[in-house]
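Report on one structure; see the data block that follows.
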Amino acid sequence: MTMDLYRSAPTVSKELVQTPADKFITGTFIIVIDRLSSELTKRPNAYQIVSKRFGFLRKLVSLPSKEILERGSALVQAPGRSGE
(Lines give C-alpha, C1' and ligand atoms only; values in the text may rest on other atoms or scores of the structure.)
Protein backbone atom coordinates (compact mmCIF):
# COMPACT_ATOMS: atom_id res chain seq x y z
CA MET A 1 0.00 0.00 0.00
CA THR A 2 1.45 3.37 -0.96
CA MET A 3 0.47 6.65 0.57
CA ASP A 4 -0.04 9.74 -1.53
CA LEU A 5 2.46 12.20 -0.02
CA TYR A 6 1.30 14.98 -2.30
CA ARG A 7 -2.13 16.46 -2.43
CA SER A 8 -3.39 18.42 -5.35
CA ALA A 9 -3.55 22.15 -4.91
CA PRO A 10 -5.51 24.56 -7.03
CA THR A 11 -2.21 25.77 -8.48
CA VAL A 12 0.17 23.86 -10.73
CA SER A 13 2.60 22.96 -7.89
CA LYS A 14 2.01 20.13 -5.43
CA GLU A 15 2.38 20.57 -1.69
CA LEU A 16 4.17 18.04 0.51
CA VAL A 17 2.02 16.72 3.34
CA GLN A 18 4.01 15.94 6.47
CA THR A 19 2.84 13.93 9.42
CA PRO A 20 3.49 15.37 12.90
CA ALA A 21 6.37 12.89 13.25
CA ASP A 22 7.90 14.12 9.98
CA LYS A 23 7.53 17.73 11.11
CA PHE A 24 9.27 16.87 14.39
CA ILE A 25 12.14 15.16 12.56
CA THR A 26 12.72 18.01 10.11
CA GLY A 27 11.93 20.86 12.49
CA THR A 28 13.54 19.74 15.72
CA PHE A 29 15.41 16.45 15.71
CA ILE A 30 17.72 17.18 12.77
CA ILE A 31 18.52 20.64 14.17
CA VAL A 32 19.38 19.19 17.59
CA ILE A 33 21.57 16.46 16.08
CA ASP A 34 23.34 19.03 13.89
CA ARG A 35 24.04 21.24 16.91
CA LEU A 36 25.26 18.26 18.94
CA SER A 37 27.63 17.25 16.16
CA SER A 38 28.97 20.79 15.93
CA GLU A 39 29.57 21.04 19.68
CA LEU A 40 31.28 17.64 19.81
CA THR A 41 33.64 18.82 17.08
CA LYS A 42 34.61 21.83 19.23
CA ARG A 43 35.17 19.76 22.38
CA PRO A 44 38.70 18.43 21.63
CA ASN A 45 39.91 22.00 21.12
CA ALA A 46 38.46 23.04 24.49
CA TYR A 47 40.15 20.11 26.24
CA GLN A 48 43.44 20.98 24.57
CA ILE A 49 43.23 24.53 25.95
CA VAL A 50 42.43 23.27 29.45
CA SER A 51 45.28 20.76 29.31
CA LYS A 52 47.71 23.42 28.12
CA ARG A 53 46.75 25.77 30.95
CA PHE A 54 46.35 23.32 33.83
CA GLY A 55 48.33 20.23 32.76
CA PHE A 56 51.38 21.28 34.77
CA LEU A 57 49.40 20.77 37.99
CA ARG A 58 49.65 16.99 37.49
CA LYS A 59 53.46 17.25 37.66
CA LEU A 60 53.89 19.67 40.57
CA VAL A 61 56.07 17.26 42.55
CA SER A 62 58.56 16.82 39.72
CA LEU A 63 58.69 20.36 38.30
CA PRO A 64 61.36 22.84 39.36
CA SER A 65 60.11 25.82 41.38
CA LYS A 66 61.00 28.25 38.60
CA GLU A 67 58.79 26.44 36.09
CA ILE A 68 55.91 26.23 38.58
CA LEU A 69 56.12 30.00 39.12
CA GLU A 70 56.26 30.67 35.35
CA ARG A 71 53.28 28.46 34.60
CA GLY A 72 51.34 29.85 37.56
CA SER A 73 51.97 33.40 36.36
CA ALA A 74 50.88 32.44 32.85
CA LEU A 75 47.72 30.94 34.31
CA VAL A 76 46.91 34.15 36.18
CA GLN A 77 47.39 36.19 33.00
CA ALA A 78 45.45 33.77 30.75
CA PRO A 79 42.53 35.29 28.84
CA GLY A 80 39.03 34.21 29.77
CA ARG A 81 39.54 34.13 33.52
CA SER A 82 36.33 34.42 35.51
CA GLY A 83 35.92 37.55 37.55
CA GLU A 84 37.25 39.88 34.87
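For the stretch 15-73, the set of residues classified as among the polar types (S, T, N, Q) and over 12 Å from the mean Cα position of the chain (by Cα) consists of Gln18, Thr19, Thr26, Thr28, Gln48, Ser51, Ser62, Ser65, Ser73, listed by residue number. Put simply, of Leu36, Leu69, Leu63, Leu57 the only residue that is part of a loop (DSSP other than H, G, I, E, B), modelled with pLDDT of 90 or more and either surrounded by 10 or more Cβ atoms within 10 Å (Cβ to Cβ) or touching a Pro at 6+ places or on another chain (Cβ under 9 Å) (or both) is Leu63.
The values are calculated or read from the model by the stated rules, or taken from the named source; none is laboratory data. Everything numeric in this text was worked out from a predicted model, so none of it was measured. Positions of Cβ are generated from backbone atoms using ideal geometry, with glycine treated the same way; all protein chains shown enter the neighbour counts.
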